[in-house]
Amino acid sequence: MPNAEKKNRAELMDFDTALELFEPVLGFEVHVELNTKTKMFCGCANEFGSGANTNTCPTCLGLPGGLPQVNKKALESSIRLGLALGCEIAEHSRFARKNYFYPDTAKNFQTSQYDDPIAHDGSITIELESGRLVTVEIERAHMEDDAGKLTHMGGATGRIQGADYSLVDYNRGGVPLVEIVTQMIEGAEHDAPEIGKTYVAAIREIAKALGVSNARMEEGNVRCDANVSLRPRGSNVLGTRTETKNVNSLRSVERAVRYEIQRQAAVLAGGGTITQETRHWHEDTGITSAGRPKSDADDYRYFPEPDLLPMAPSREWVEELRLTLPEPPAARRKRLQAAWGFANLEFQDVVNSDLLDAVEATVAAGASAQAARKWWTGEIARLANVAGVAADSLVTPEQLAALIQLVEAGTLTDRLARQVLEGVIAGEGTPAEVVESRGLAVVSDDGALIAAIDAALLGQPDVLAKIRDGKVQAAGAVIGAVMKAMRGQADAARVRELVLERAQAIE
Amino acid sequence: MSEITAEQVAHLAYLARIDLSPLEITNLTHDLGQIVDSIAKVSEVATADTPATSHPMPLTNVFREDIVVPSLTVEQALSGAPDRAGDKFRVPAILDEE
């Protein structure tokens, strides 16, 4: 077997056996990219998807003469995020240089915070699917700037390994980040993978609710490094930890934690030792592989950033910002589920589809909660999936509420309503306008229905005879013909009623 | 005399990517030792209630508003690059990972 392949195929111990022998200890570092208009220390646009190297200047490229200045909005967002995590906000905070050479960092140092982070000592409580509550202590949340984006060229895989050279786009270099560092999480036990996933989901949700980040993991707005170590049962000495980087989806956090527990357990049970190192997560194969040995903090030669002045956010400002905090997402979910009376599965469906805001706004616009849920997670989600867009980009909550009201008033059947929805999505106007222009309203004029029913009955005299003999199930054929003649725009129950009536009445 | 060793100086030089000759390492070990000794003298005078100074200016809270200003053009940004490919900087393969 080639060396690289041997390295990638680590022995894994069965998860349950690993948990019998060892206790996992976790820690997470989550980077949240702030959605400020400009970068952390310069006025270049903070924009995803611009042309390569179009958002750079001497400051973020680390050229001579560049002078950084703190973006006040980035500080404000960091303080609000810190407060939402229950943190203390530092009275004195400053930046530090973290020195290392890597081509995604043009300055040859990252501007970060070392001994005076903006926020420290918080906690959040997360709820697992079993209902178990886990409180995760937050050690610190500090501000720093992001690195540029590397693309590895040549070689077979586009990975670093075997690459001939790399290309750098510094647009992301200098974009503001908040790094949230947890304390060690002990007692996770079998829930360790789920705790990882649920914790990162909670951070993402909080950042989104605050509006401080776009919080899209697929665009790298929220990134997680997962620290895992194992200690033998009965020991109170911590094991050596690994830090798995580049874990950028909720499912991957869960898988990476599980993988590292299984891998480390196999190494330790086989008499080996764990190397303290960073490891890379590979989404495609679901494994981690060894990266560089973890540097000592001393090797980064942190020192206070001489080009930036210390920050001393006034207590008045911090309290003002505290008043702007939204309802905590977990509390909001509890409140909404109770108000709407959704079953757990129904509610989870809405949450997992990221449609909580959409349903809430639709209810506020006058629709019933159940109807709003059915439309958003049903027909609209289906159409969005086909179009490859987000469901809430197809229609507005107001449009949907108007459509639901037309169904509830009996103007539309569900089938007609789906056609109206298509018209609304196609930009043909409000639901009422589409009903009008496409002529889609339910025909509730009995005169028109009776004419169609009489024609259908007389067209099928054998069916008419059967109905008259009391074989009412024969009416199905006539109802079908009538619905077809009405192009579906009739209420089938009313048609059935009238068919039975007319069968006795007509000559 | 301080405990700065030649090994420490060589390690620091490696971290800073500075190529030092053995003579330079010897000289810098001596110089850095003197600097550390001098700092230690200051530490004897500075008591625990003397706050550390990280900046000579008695200023805090100097902020910038979140307003976009024009960036360099791509050509300007790349003008100092030793190598480029299209609109990106081109750098040698990175060998210390994976």
Would you check if there is a residue in segment B:5-16 being within 14 Å of chain A (Cβ to nearest Cβ) and assigned to a loop (DSSP other than H, G, I, E, B)?
yes
The strands (runs of 3 or more DSSP E) lying wholly within segment A:131-245 that contain at least 2 residues that are surrounded by fewer than 17 Cβ atoms within 10 Å (Cβ to Cβ) are A:133-145, A:149-153
Say whether the condition of being at pLDDT 95 or above, of a type in the set (Asp, Glu), part of a loop (DSSP other than H, G, I, E, B) and farther than 26 Å from residue A:307 by Cβ is met by at least one residue in segment B:86-97.
yes
Taking segment A:399-432, which residues are more than 19 Å from residue A:487 (Cα to Cα) and acidic (Asp, Glu)?
A:408, A:428
Residue set A:117, A:68; condition assigned to a loop (DSSP other than H, G, I, E, B), touching a residue at least 40 places away in the same chain (Cβ under 8 Å) and buried (at least 17 other Cβ atoms within 10 Å of the Cβ); output residue A:68
Can you confirm whether segment B:20-33 contains a residue that is away from chain A (no Cβ under 14 Å), of a type in the set (Asp, Glu) and not in a loop (DSSP other than H, G, I, E, B)?
yes
Of the conditions (1) more than 25 Å from residue A:332 (Cα to Cα); (2) more than 14 Å from chain B (Cβ to nearest Cβ), residue A:88 fails just one. Which one is it?
(1)
Matching residues in segment A:304-339 (touching a strand residue (DSSP E or B) at 6+ places or on another chain (Cβ under 6 Å) and hydrophobic (A, V, I, L, M, F, W, C)) number 2
For segment A:303-323, enumerate the residues that are modelled with pLDDT under 95 and more than 9 Å from chain B (Cβ to nearest Cβ).
A:307
From A:234, A:272, grab the single residue that is in contact with a helix residue (DSSP H, G or I) (Cβ under 9 Å, 6 or more places away or on another chain), farther than 25 Å from residue A:40 by Cβ and either without any contact (Cβ under 8 Å) to a residue 12 or more places away in the chain or not assigned by TED's automatic domain parsing to the domain that holds residue A:191 (or both).
A:272
What about residue A:75, is it of a type in the set (A, V, I, L, M, F, W, C), away from chain B (no Cβ under 14 Å) and either in contact (Cβ under 8 Å) with a residue 12 or more places away in the chain or surrounded by fewer than 16 Cβ atoms within 10 Å (Cβ to Cβ) (or both)?
no
Would you mind stating whether residue A:67 is in contact with a Phe, Trp or Tyr (Cβ under 9 Å, 6 or more places away or on another chain) and under 30 Å from residue B:74 (Cα atoms)?
yes
Collect the residues in segment B:27-58 that are modelled with pLDDT of 90 or more and either in contact with a Lys or Arg (Cβ under 9 Å, 6 or more places away or on another chain) or not charged (D, E, K, R) (or both), keeping them in residue-number order.
B:27, B:28, B:29, B:30, B:32, B:33, B:34, B:35, B:36, B:38
Residue selected from segment A:33-57 under the condition in a loop (DSSP other than H, G, I, E, B) and without any contact (Cβ under 8 Å) to a residue 40 or more places away in the chain, by the criterion nearest to the other protein chains (Cβ to nearest Cβ)
A:43
How about segment A:482-507: which of its residues are touching a helix residue (DSSP H, G or I) at 6+ places or on another chain (Cβ under 8 Å), more than 21 Å from residue A:414 (Cβ to Cβ) and outside any loop (DSSP other than H, G, I, E, B)?
A:499, A:500, A:502, A:503, A:504
For segment A:91-107, state whether one or more residues are under 28 Å from residue A:209 (Cβ atoms), assigned by TED's automatic domain parsing to the domain that holds residue A:146 and surrounded by fewer than 21 Cβ atoms within 10 Å (Cβ to Cβ).
yes
Since residue A:168 meets every condition but one in (1) modelled with pLDDT of 95 or more; (2) more than 28 Å from residue A:239 (Cα to Cα); (3) in contact with a helix residue (DSSP H, G or I) (Cβ under 9 Å, 6 or more places away or on another chain), which condition does it not meet?
(3)
Exactly one of these conditions fails for residue B:61: (1) within 12 Å of chain A (Cβ to nearest Cβ); (2) of a type outside the set (Ser, Thr, Tyr); (3) at negative phi; (4) part of a loop (DSSP other than H, G, I, E, B). Give me its number.
(3)
Within segment A:7-56, of all residues that are among the hydrophobic types (A, V, I, L, M, F, W, C) and out of contact with any helix residue (DSSP H, G or I) (no Cβ under 8 Å at 6 or more places or on another chain), the one nearest to residue A:228 (Cα to Cα) is A:25
Residues in segment A:284-293 that are in contact (Cβ under 8 Å) with a residue 24 or more places away in the chain, more than 8 Å from chain B (Cβ to nearest Cβ) and out of contact with any Ser or Thr (no Cβ under 6 Å at 6 or more places or on another chain): how many?
3
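The values are calculated or read from the model by the stated rules, or taken from the named source; none is laboratory data. Bear in mind the structure is a predicted one, so any value in this text is a computation, not a measurement. All Cβ positions, even for glycine, are placed from backbone atoms using ideal geometry, and neighbour counts span all protein chains on display.
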